[in-house]
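The values are calculated or read from the model by the stated rules, or taken from the named source; none is laboratory data. Small disclaimer: the values here were computed from a predicted structure and weren't measured. Cβ sites come from the backbone with ideal geometry, for glycine too, and all protein chains shown count toward neighbours.
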Amino acid sequence: MSLPLSDELIAEANVREADALEEDYAALGRKLSRAGLDIDSIKNRVAGFSVAVPSWGAGRGGTRFAKFPIPGEPTNIHEKLTDCAVVNQLCRVTPRVSPHFPWDKVSDYAELREEAASLGLGFDAVNSNTFQDQPGQAHSYATGSLSATDPHVRDQAIAHNIECIEIGRKLGSRDLTVWVGDGTNFPGQQDLTRSLDRYLEAAAEVYAALPDDWRMLLEHKLFEPAFYSSVISDWGSSILAAQELGDKAKCLVDLGHHAPNTNIEQIVARLHRFGKLGGFHFNDSKYGDDDLDSGSINPHQLFLIFNELIEAEAHPRGEFRPSYMIDQSHNVTDPIESMLSSAEAIAGSFAKALMVDREALHAAQDANDTMMAFQALRRAYNIDVAPILAKARVEAGGAIDVLGTYRESRWRERKAQERKPVGLGAGIV
Ligand SMILES: [Mn+2]
């Protein structure tokens, strides 16, 4: 394996932080032990936790208005993989990359898989793209893809999704994530029922091409690019579609794809209750699908979501194999720094949720003791889990201070000398 950053750089940075970490970890360990919690067991669970990063997250994103690239951004899948390897080398929480096609197309996928493995990375869910046209494409997705009125467009969208499955097999993926931008901008533009019929019929053809051990993850989104109606707009449409398609179809929850203030943790519980919770796209939002960094706006919501995920894991209803991915648009930061910060926020919420006294919580719930039930959650939420995360990282070869060590590596400055500028390109990712 040849990792992008030097081991010496990380080791030297860790030496400077090691004493303080030991002190903080020991103090937290004593505090947790008074509450009946063993810090090493929690640290070991955290060490087993992972979340995928999207290949497109390695580059700067944008808004509908503009994108402001930075020097040294990755310009192709190979450079994106290298940047994702930097993230994982430092944080040790993101060992898989979720590719997107056709953006990440190459001629030899076996070679790409080997290249990723040499960087300590594997591949996660494959993402299809029928929300924009590609040069030379026979039919346009301007008025829809899997739900298009024109059968040729639907066939093209089906063929693209099946091609993504074929590529994913070569990369070692086991999930196909399908998000369609299909919908309308005007009342009356499409028949709300018949457009769903067309989607279901086309999605069934994609579903039929899934290998036995694969899943099809349906990602819903309330609005954008369609601003009046979306075909798969919410978790209700998503679970109905997944139920109609079959066992291998599951729902994927992107945290930004809901109306503001929606109780997403309850959606998690609902989807799990019916064995349809397939995965997550982590990000944060203030207004809509802002694709801000995970935990930057509402870290409490992220904790409550993980609280439901831990409950779900403890009370499985069929399979519990949620596919976790960071799905953010890094418009104003170095994407590597955003992914490092987000991976820490996500793993931290997982760690906090592990520390909820579930016995006390359930007893308080059964006794209708509202305040004590709330306090069971609040106590865990208030714990500073940073020493646990840092300890898990350093034991896996990562950095205690991920951002500090990254800055010290001068990775972006060095890449700015080597990589060609990405250009202005499209805004939205
Ligand atoms: Mn998403």
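What to note about this one:
- Of all the listed residues (D284, D254, D197), the sole one being within 15 Å of the ligand (Cβ to nearest atom) and in contact with a Ser or Thr (Cβ under 9 Å, 6 or more places away or on another chain) is D284.
Here is a yes/no grid of residues against (1) within 26 Å of L222 (Cα to Cα); (2) touching a strand residue (DSSP E or B) at 6+ places or on another chain (Cβ under 6 Å); (3) within 16 Å of the ligand (Cβ to nearest atom):
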residue: S147; (1), (2), (3): yes, no, no
residue: P151; (1), (2), (3): yes, no, no
residue: D155; (1), (2), (3): yes, no, no
residue: A159; (1), (2), (3): yes, no, no
residue: I162; (1), (2), (3): yes, no, no
residue: E166; (1), (2), (3): no, no, no
residue: T177; (1), (2), (3): yes, yes, yes
residue: V180; (1), (2), (3): yes, no, yes
residue: P187; (1), (2), (3): yes, no, no
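Every residue, every condition in (1) among the hydrophobic types (A, V, I, L, M, F, W, C); (2) exposed (fewer than 13 other Cβ atoms within 10 Å of the Cβ); (3) in contact with a helix residue (DSSP H, G or I) (Cβ under 8 Å, 6 or more places away or on another chain); (4) assigned to a loop (DSSP other than H, G, I, E, B), yes or no:
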| position | (1), (2), (3), (4) |
| --- | --- |
| G136 | no, yes, no, yes |
| R154 | no, no, yes, no |
| A157 | yes, no, yes, no |
| I162 | yes, no, yes, no |
| I167 | yes, no, yes, no |
| G181 | no, no, no, yes |
| G188 | no, yes, no, yes |
| S195 | no, no, no, no |
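- The strands (runs of 3 or more DSSP E) found entirely in region 244-329 that carry 1 or more residues being touching a Cys at 6+ places or on another chain (Cβ under 6 Å) are 277-282.
- Any hit, region 212-224, residues being within 16 Å of the ligand (Cβ to nearest atom), under 26 Å from I167 (Cα atoms) and either assigned to a helix (DSSP H, G or I) or at pLDDT below 95 (or both): no
- Condition check for S296: of a type in the set (S, T, Y) and more than 16 Å from the ligand (Cβ to nearest atom): yes
- Residue match in region 220-231 (condition: in contact with a Cys (Cβ under 9 Å, 6 or more places away or on another chain) and either under 28 Å from A52 (Cα atoms) or surrounded by 14 or more Cβ atoms within 10 Å (Cβ to Cβ) (or both)): yes
- Among the residues of region 202-219, the one identified as farther than 15 Å from D175 by Cβ and without any contact (Cβ under 8 Å) to a residue 40 or more places away in the chain is A208.
- Filter pass, A203 being surrounded by fewer than 17 Cβ atoms within 10 Å (Cβ to Cβ), of a type in the set (A, V, I, L, M), assigned to a helix (DSSP H, G or I) and modelled with pLDDT of 95 or more: no
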